[in-house]
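**Q** Before I ask anything, let me first share the structure, which is written out below as structure tokens.
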Amino acid sequence: MPYTAKQVANEFYELAKKDGKQLTPMQVQKLVYFAYGWYLAITGERLLNERVQAWQWGPVIPSLYGEFKPYGSGPITEPAYDFFFEDGKMKLRVQRLSSDDEVKDQLARQVIARVWKIYGKYSAVELSSMTHAANSPWSMYYDENVRGTDIPDEAIRAYFQQIAAPQHARQPAAAR
């Protein structure tokens, strides 16, 4: 079963915190998108339990937009929470990356950590620009007259596999 976007976002929140960095909502959006794309390209499976949509500033996961919208363009200061009821009282719980499959959880954490290592140094604007590249899934599905067009998983998977292919082809056979 795929993870919630909040679970994946919280992994990035914790990695940034560990490195002494802060993230803005737009950075989280793009990092979660990159993790989704790379995970889909590597495994053929969805990392998230919701669709990625093409919005003006690039790919967006709607639940994350709603979660972190109060921060505007400022840094996120708290992880994403979920509400639940226990003993008749409403409580908060931080969304953690976990499922019934520890191997899957470990692979997801590895992909997220690798995405953080590669993309975590970029600003929100730089990350957004990367998602706007020619022939990117966003560029193929964004329509300024329609908000919230889903970007098909196949387009995302193919794009990230295409990005990976030239890198793999340049490596000497012994390095593979």
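**Q** Go through (1) of a type outside the set (Gly, Ala, Ser); (2) touching a Pro at 6+ places or on another chain (Cβ under 6 Å); (3) at pLDDT below 95 one by one and return the number of the condition MET90 breaks.
**A** It fails just one condition, (2).
**Q** Can you tell me how many residues in segment 1-22 are crowded, with 22+ Cβ neighbours inside 10 Å and of a type in the set (A, V, I, L, M, F, W, C)?
**A** Residues that pass the stated criteria total 4.
**Q** OK, next. Aliphatic (A, V, I, L, M), at pLDDT 95 or above and not in a helix (DSSP H, G or I) - does that describe any residue in segment 102-122?
**A** no
**Q** May I pose another question? Would you mind stating whether SER63 is within 16 Å of TYR13 (Cβ to Cβ) and either of a type in the set (Ser, Thr, Tyr) or more than 15 Å from the chain's Cα centre (by Cα) (or both)?
**A** Taking the combined requirement at face value, the residue satisfies it.
So that you can scan it fast, the table gives a plain yes or no per residue for (1) surrounded by 13 or more Cβ atoms within 10 Å (Cβ to Cβ); (2) farther than 19 Å from VAL28 by Cβ; (3) in contact with a helix residue (DSSP H, G or I) (Cβ under 6 Å, 6 or more places away or on another chain):
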site: PHE84; (1), (2), (3): no, yes, no
site: VAL94; (1), (2), (3): yes, no, no
site: ALA108; (1), (2), (3): yes, no, no
site: ARG114; (1), (2), (3): yes, no, no
site: LYS117; (1), (2), (3): no, no, no
site: LYS121; (1), (2), (3): no, no, no
site: ALA134; (1), (2), (3): no, yes, no
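**Q** Counting only residues that are charged (D, E, K, R) and at pLDDT 95 or above, how many does segment 125-176 have?
**A** Residues flagged as charged (D, E, K, R) and at pLDDT 95 or above within segment 125-176 amount to 5.
**Q** Any residue in segment 120-144 that's over 18 Å from ILE156 (Cβ atoms): show its pairings with residues that are among the acidic types (Asp, Glu) at Cβ separation under 8 Å, as long as the two are six or more apart or on different chains.
**A** GLY120/ASP19
**Q** Sticking with this structure for a sec: What tally of residues in segment 78-108 results from selecting those that are among the β-branched types (Val, Ile, Thr) and either farther than 28 Å from ARG46 by Cα or touching a residue at least 12 places away in the same chain (Cβ under 8 Å) (or both)?
**A** Counting residues in segment 78-108 that are among the β-branched types (Val, Ile, Thr) and either farther than 28 Å from ARG46 by Cα or touching a residue at least 12 places away in the same chain (Cβ under 8 Å) (or both) gives 1.
**Q** Take the residues in segment 30-59 that are free of Cβ contacts under 8 Å to residues at least 60 places away in the same chain and within 9 Å of the chain's Cα centre (by Cα); name whichever of them is surrounded by the fewest Cβ atoms within 10 Å (Cβ to Cβ).
**A** LEU48
The values are calculated or read from the model by the stated rules, or taken from the named source; none is laboratory data. Keep in mind that this is a model prediction, so the values were computed, not measured. Note: ideal-geometry Cβ built from the backbone for every residue, glycine included; neighbour counts use all protein chains shown.
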